[in-house]
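Here the structure is laid out as structure tokens; the discussion comes afterwards.
The values are calculated or read from the model by the stated rules, or taken from the named source; none is laboratory data. None of the values given here were measured: they were computed from a predicted structure. We place every Cβ from the backbone using ideal geometry, glycine too, and count neighbours over all the protein chains shown. For accessibility, only protein heavy atoms count, side chains too; no ligands or nucleic acids. Shrake-Rupley method; radii C 1.70, N 1.55, O 1.52, S 1.80 Å.
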Amino acid sequence: MAKLRQKNPRTVRQAEEVRGLEHLSMDVAVNFSKAAQLSSHIHNVCAEAREAIYTREEDVKFWLEKGVDGSMFEVLPQGSALPELQRCGLCAERWKPCMCSYSLSIEWYPCMLKYCKSRDAAGRVSSYKCGIRSCQKGYTFHYYVPQKQLCLWDEET
């Protein structure tokens, strides 16, 4: 365990690799009262968001293959299916449905081992583990809300 400790734990880190921004369409709502089948942590992590738990359709397909009860999922309207559905930041009426966006950036996380090279006495090159490479990753989640009032942070972007 001592090998994993950082030398300067209070240092502000910069990521060595930027892994870009990923756009995720959260097109399925999850029923909070039945969600314990997905994870034992959902009731603690999502307690304040009982009516607003979203996931992707491909995640639902994975869970259904694992035998999870499909009645906990509800497919939401999509922007492509409803061309009149605006982004919440552009919607003028607070009680009108819209497409909400939420962005998240993980500025620094350990993502892989770092290898260094050295030469032995005979001059042969060999590599060895010499640290942990750090990465940065961003996500933007897009999802339907029945009223703009449920997505007020989208006005800031």
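Is it true that Ala36 is in contact with a His (Cβ under 9 Å, 6 or more places away or on another chain) and surrounded by fewer than 15 Cβ atoms within 10 Å (Cβ to Cβ)?
Numbers: in contact with a His (Cβ under 9 Å, 6 or more places away or on another chain): yes; surrounded by fewer than 15 Cβ atoms within 10 Å (Cβ to Cβ): yes.
Answer is yes for this residue.
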Checklist (1) touching a Phe, Trp or Tyr at 6+ places or on another chain (Cβ under 9 Å); (2) at pLDDT 85 or above; (3) β-branched (Val, Ile, Thr) applied to Val18, failing item: (1)
- prompt: What pairs can you find where one residue is in region 27-53 and assigned to a loop (DSSP other than H, G, I, E, B), the other is open to solvent by 70 Å² or more (accessible area, probe 1.4 Å), and their Cβ atoms are less than 9 Å apart, with a gap of 6+ or different chains?
  reply: Asp27/Glu57; Asp27/Val75; Asn31/Glu74; Ser39/Val45; Arg50/Ser33; Glu51/Leu150; Ala52/Leu150
message: If a residue must be farther than 30 Å from Ala52 by Cα and not aromatic (Phe, Trp, Tyr), how many such residues does region 112-157 contain?
response: 21
message: Checking the structure you have, find out if any residue of region 100-110 is out of contact with any Ser or Thr (no Cβ under 8 Å at 6 or more places or on another chain), of a type in the set (Ser, Thr, Tyr) and in contact (Cβ under 8 Å) with a residue 60 or more places away in the chain.
response: no
task: Would you mind telling me which numbered condition in (1) among the aliphatic types (A, V, I, L, M); (2) under 12 Å from Leu38 (Cα atoms); (3) open to solvent by 100 Å² or more (accessible area, probe 1.4 Å) Leu90 fails?
output: (2)
